[in-house]
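Comments concern the structure below.
Bear in mind these aren't lab numbers, they're just calculated from the coordinates by the rules spelled out. Quick caveat: nothing in here was measured; it's all calculated off a predicted structure. Cβ coordinates were reconstructed from backbone atoms using ideal geometry, including for glycine residues, and neighbour counts include every protein chain displayed.
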Amino acid sequence: MNQFAPPLWQEFRNEAGEEIPAYGILRLDGYVTLPSGRIVLAAKKPNTYGSQYLHAVNGPQKIAPQKTGICLIPTSVPGWALFASGSPQPGERWGPISGSWELKQHVGGFRIVGESNATRVLVVQAAIMTLLGKPDAEIAAGTSGTVSVFHGTTAGSETDSGQNITAYNRSNVDIPETTWVHASWISEGWEIHWANVCS
């Protein structure tokens, strides 16, 4: 056995303040020390758009607040994950959104690798590090603003996903509302790194 290989399942404590459903998507937020002295992961409810290697999948049991459970970070081994609606297909990109334990289509963070049943599907981790969107209002140079995330499977036919991110404009020009932007996950947040003014 390779002593440096991480175990597939990791112990965590539910720090979300509500029950975590079986196979729910967890946001990893550091660690906690149990009364026994054992150190485990701290798990909370997703609070961002997509996943940038910061999420795991709960095991087959519901976990009450402040109770411990086991989770899988499915990097090389697929794991079952809860999804809200739709019909996940192998190869599609799904991921977490703020305020939900379930995967959503076109979001990113996980890749579908197997068949699904009515509520869960086999996934592997596939972090979303770039996205396409439009600012909801002008974002001045050197400031942050709200960007509506667009998605779709055909270039040029993307639609508003209904999800927003906060992104930092690192350029030295203001970016108007009518601009398509690409944002990248940099320094633990979204940054606009390229913009193309369009009519």
Query raised in the report: Which whole-Hz ³J(HN,Hα) couplings does region 116-123 yield from phi under the Karplus relation 6.51 cos²θ - 1.76 cosθ + 1.60, θ = phi - 60°, glycine and proline marked x?
Result: 10, 9, 5, 10, 9, 8, 7, 9
Query raised in the report: Around LYS62, which amide H atoms from residues at least 5 apart in sequence, or from another chain, sit under 5 Å from its own amide H, with H modelled in the peptide plane?
Result: ALA22
Report task. Would you list which lysines come within 26 Å of LYS45, measuring only between C-alpha atoms, while excluding same-chain residues fewer than 8 positions from it? Result -> LYS62, LYS67, LYS104
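Return the loop-located trypsin sites (Lys or Arg not before Pro) in region 107-199 (DSSP other than H, G, I, E, B) with at most 16 other Cβ atoms within 10 Å of their own Cβ; answer none if there are none.
ARG170
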Query raised in the report: If you build a Gaussian network model of the chain, linking Cα atoms that sit under 10 Å apart, which residue out of LYS44, LYS104, LYS62 swings the most?
Result: LYS62
Query - Amide H contacts of GLY109 (H built 1.01 Å from N, under 5 Å, at least 5 apart or other chain) - result: SER51, TRP94, ALA126, ILE128
Requested in this report: Can you tell me the relative contact order of the chain? Whole percent, Cα pairs under 8 Å, sequence separation 6 or more.
Outcome: 16 percent
Query raised in the report: Quick one: what Rg and Dmax do you get for the chain from the alpha carbons, in Å?
Result: 18.3, 62
Query raised in the report: For GLN66 and ASN117, what is the calculated FRET efficiency with R₀ set at 45 Å and r taken between the beta-carbons, to the nearest 0.05?
Result: 0.90
Report task. Using a Förster distance of 45 angstrom, determine the FRET efficiency expected from the C-beta separation of ASN164 and SER36, and round it to 0.05. Result -> 0.60
Query raised in the report: Got a sec to turn the phi values of region 103-113 into Karplus ³J(HN,Hα) couplings, 6.51 cos²θ - 1.76 cosθ + 1.60 with θ = phi - 60°, whole Hz, x for Gly and Pro?
Result: 6, 10, 5, 6, 8, x, x, 9, 10, 6, 10
Query raised in the report: So what are the ³J(HN,Hα) numbers for region 85-90, from phi and the Karplus equation (6.51, -1.76, 1.60; θ = phi - 60°), rounded to whole Hz, Gly and Pro as x?
Result: 7, x, 9, x, 10, x
Query - Overall Cα dimensions of region 75-166 - principal axes, largest extent first, Å - result: 45, 25, 22
Report summary line: Label model pair HIS193, ALA84: point-to-point distance (7 angstrom along the Cα→beta-carbon line) in nm is 2.8 nm
Query raised in the report: Most mobile of VAL173, VAL121, VAL113 per a Gaussian network model of the chain (Cα springs, under 10 Å)?
Result: VAL173
